[in-house]
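Below is one structure, written out as C-alpha cells; the observations come after it.
The values are calculated or read from the model by the stated rules, or taken from the named source; none is laboratory data. Since this is a predicted model, take the numbers as computed values, not measurements. Methodologically, a virtual Cβ is constructed for each residue, glycine included, from the backbone with ideal geometry; neighbour enumeration extends over all protein chains shown.
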Amino acid sequence: MVTRQIFDEPHLVQAVFKGDVEEVEELLAEGEEANYQDAERRSVLHAAAFCGLHQVTALLLAHGARVNAKDNRWATPLHRACASGYEDDNTHQLKPEPVDVKKTVEVLLRHQADVNARDKFWQTPLHVAAANNAVSCAELIIPLQNNVNISDRAGRTSLHHAAYNGHTAMVELLLQNNATCNFFDKRDRRAIHWAAYMGHTEVISLLVSHGADVNVRDKDYYTPLHCAAANGRLSALRQLLTLGADVDAPNSCGNSPLHVACLNGKEDIADELLAAGAHISAVNCRGQTPLHYAAASTHGAGCLEVLLRHRGAVVNCPSQDGRTPLHMAAIHGRCSRAQTLLEAGAHVDAQDVQGCTALHVAARHGHDLLLGGLLLAGAACDTGDPGQDETRPAAIQQSAF
C-alpha cells in the first residue's frame, strides 16, 4: 500500500494509515475485515506494524488478524515493523497515535509472531532489523532467535547487513550476542569486506576488535583492502593499512589493490597505496601492471598521472601477450592518455606477440583521432597488420587523414 493509492483502499486501511484508533475500533465493531489484503497481499496488520502503531496493532489482533500473515514477498507484520524506519520518530504528522515500533514489536511477539519467519530472500525479521538499524526491535528478537548467525539466500547474516549499512550500534549489539564476525556469505565475503567496501571505519574497528582478519579473502581472493580500493574509500583504506593489511595482496586474477584502484579510476586511492609502499609495477596473471589498467579504463586518466609521477612505473612493460600500456590506450581509444604515455617515453612502434603496434590496434578498432596522434608521433605505417591483409597500411593512412 502506498500513499497515492490510499483513498482507493477500504475505510479500515485509511483509518490505520491515519493512526486513528477510535475509527479503527468503530470500523472493526461494524464488521470491517481485519484480514483484508491488497493486491500485493499486504494485510491491514502489515500496515499497522509498518507504521509502528501498537494500539492499532493490538486492536487488529484482538479482532482475529493473522499475526504471521505473509505478503507476496513472504514478509510478515514483524518483518514490516522492523523495516519501518520509525524507531526514533514520535512526531509523525499523519498519526494521532504516537509511533512506537518497540511497543508494536512487543505486541506482535506477545501474540506469537514468528521470529524465525523468512521472506522470499530468506531473511528473518532480525536481518531486516539489522539492515534498518532497528536496535530496539533487535533487542527484543535476539533472545527468541534460534541463531543470530542464520544466513539469507545470499548467505549473509544479520551482521553482514548491519556492517554494509554502517550501523555501528547494531553491529555492537550483534557481536555482544555471539554473532560471528568471520561468517562468510556465498561469495565468501565477511562482514569486514562489506564494511570496507562502504567505508564504515567504526564498524571495521569493532569487527577487528572481535577477531576479524584484515587480510581475509573472498571467493575471488579479494581482501578488505581490495574492496576499499575498488569503491574509493580512502579513510577505510588508510585504517586497514594501519591495521596491517597487505598492500600488495593479489586476488584470483593476480590484481593488487593498486590494480583495482586504477581499473576503477580511484586516483586518491592509488596515490595512498603508492605512499604505503605498493609495488608500482606489480604484474597480474596476464602480465599487466597497474599502468596497463590506468591506460585502458574509462576513468583511469588521473591514475595514469599518479603512476607516472611516482618513480618506478615501467612505461614500456609488455604483458604476456606483448601489449604495452600504449597498446591498451590504443585499443580503448584513450587519445590523451596515449599522448601522455608517449611524452613519458613510450615506444610508439612497440610490437605485441602478433607483431602489432599501437597504430595497428587503433586502426583495427576504428579510433581515427588516435591514429592521427600516433602518426604525428612518428609511428611507422609501412608495415602491415599481421592480422589483416596486405592493403592495411594504406587503410591506416586513409583512416588517419
### Message
Quick check on my filter: what residues within region 177-202 are among the β-branched types (Val, Ile, Thr) and under 16 Å from ALA245 (Cα atoms)?
### Response
ILE192, THR201
### Tally of residues being touching a Ser or Thr at 6+ places or on another chain (Cβ under 7 Å) and either under 11 Å from ASN251 (Cα atoms) or not hydrophobic (A, V, I, L, M, F, W, C) (or both) across region 192-215
4
### Message
Among the listed residues HIS11, HIS63, HIS46, identify the single one that is within 42 Å of the chain's Cα centre (by Cα) and either crowded, with 20+ Cβ neighbours inside 10 Å or at pLDDT 90 or above (or both).
### Response
HIS46
### One residue from ASP213, ASP268, ASP220 being surrounded by fewer than 16 Cβ atoms within 10 Å (Cβ to Cβ), closer than 19 Å to PHE184 by Cβ and among the acidic types (Asp, Glu)
ASP220
### Message
Let me spell it out: the conditions are (1) under 22 Å from ILE269 (Cα atoms); (2) in a helix (DSSP H, G or I); (3) modelled with pLDDT under 95, and GLY312 meets all of them except one. Which number is the exception?
### Response
(2)
### Message
Would you confirm, using the coordinates I've provided, whether ALA346 is surrounded by 18 or more Cβ atoms within 10 Å (Cβ to Cβ), of a type in the set (Gly, Ala, Ser), at pLDDT 95 or above and in contact with a Ser or Thr (Cβ under 7 Å, 6 or more places away or on another chain)?
### Response
yes
#### Entry: Cβ pairs under 9 Å, 6+ apart, first in region 176-201 and more than 21 Å from ALA261 (Cβ to Cβ), second among the hydroxyl-bearing types (Ser, Thr, Tyr) and not in a loop (DSSP other than H, G, I, E, B)
ALA179/SER158; ALA191/TYR164
## Note on the structure
Taking first residues from region 204-232 that are touching a residue at least 12 places away in the same chain (Cβ under 8 Å) and more than 12 Å from ALA245 (Cβ to Cβ) and second residues anywhere that are surrounded by fewer than 24 Cβ atoms within 10 Å (Cβ to Cβ) and of a type in the set (Lys, Arg), the pairs with Cβ under 6 Å that are 6 or more apart or on different chains are ASP218/ARG187; LYS219/ARG187
### Query
So is ARG153 surrounded by 20 or more Cβ atoms within 10 Å (Cβ to Cβ), at pLDDT 95 or above, under 18 Å from the mean Cα position of the chain (by Cα) and assigned to a loop (DSSP other than H, G, I, E, B) or not?
no
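Results for (1) farther than 19 Å from GLU272 by Cα; (2) among the β-branched types (Val, Ile, Thr); (3) more than 31 Å from the chain's Cα centre (by Cα), shown as yes or no for each residue.
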{"residue": "THR289", "(1), (2), (3)": "no, yes, no"}
{"residue": "THR298", "(1), (2), (3)": "yes, yes, no"}
{"residue": "ALA301", "(1), (2), (3)": "no, no, no"}
{"residue": "GLU305", "(1), (2), (3)": "no, no, no"}
{"residue": "LEU308", "(1), (2), (3)": "no, no, no"}
{"residue": "LEU326", "(1), (2), (3)": "yes, no, yes"}
{"residue": "ILE331", "(1), (2), (3)": "yes, yes, no"}
{"residue": "ALA350", "(1), (2), (3)": "yes, no, yes"}
{"residue": "GLN354", "(1), (2), (3)": "yes, no, yes"}
#### Entry: Selected residue [crowded, with 19+ Cβ neighbours inside 10 Å, aliphatic (A, V, I, L, M) and closer than 19 Å to ILE204 by Cα] from LEU274, LEU243, LEU237
LEU237
## Note on the structure
Restricted to region 292-303 and to residues being without any contact (Cβ under 8 Å) to a residue 40 or more places away in the chain and buried (at least 21 other Cβ atoms within 10 Å of the Cβ), the residue nearest to GLU267 (Cα to Cα) is GLY300
#### Entry: Criterion: of a type in the set (Asp, Glu), surrounded by fewer than 19 Cβ atoms within 10 Å (Cβ to Cβ) and modelled with pLDDT of 75 or more - qualifying residue of ASP114, ASP100, ASP119, ASP88
ASP114
### Message
Suppose we filter SER336, SER319, SER281, SER252 for residues that are surrounded by fewer than 19 Cβ atoms within 10 Å (Cβ to Cβ) and under 26 Å from GLY355 (Cβ atoms); which single one remains?
### Response
SER281
### Query
Just wondering, is there one or more residues in region 227-241 that are over 19 Å from the mean Cα position of the chain (by Cα) and assigned to a loop (DSSP other than H, G, I, E, B)?
no
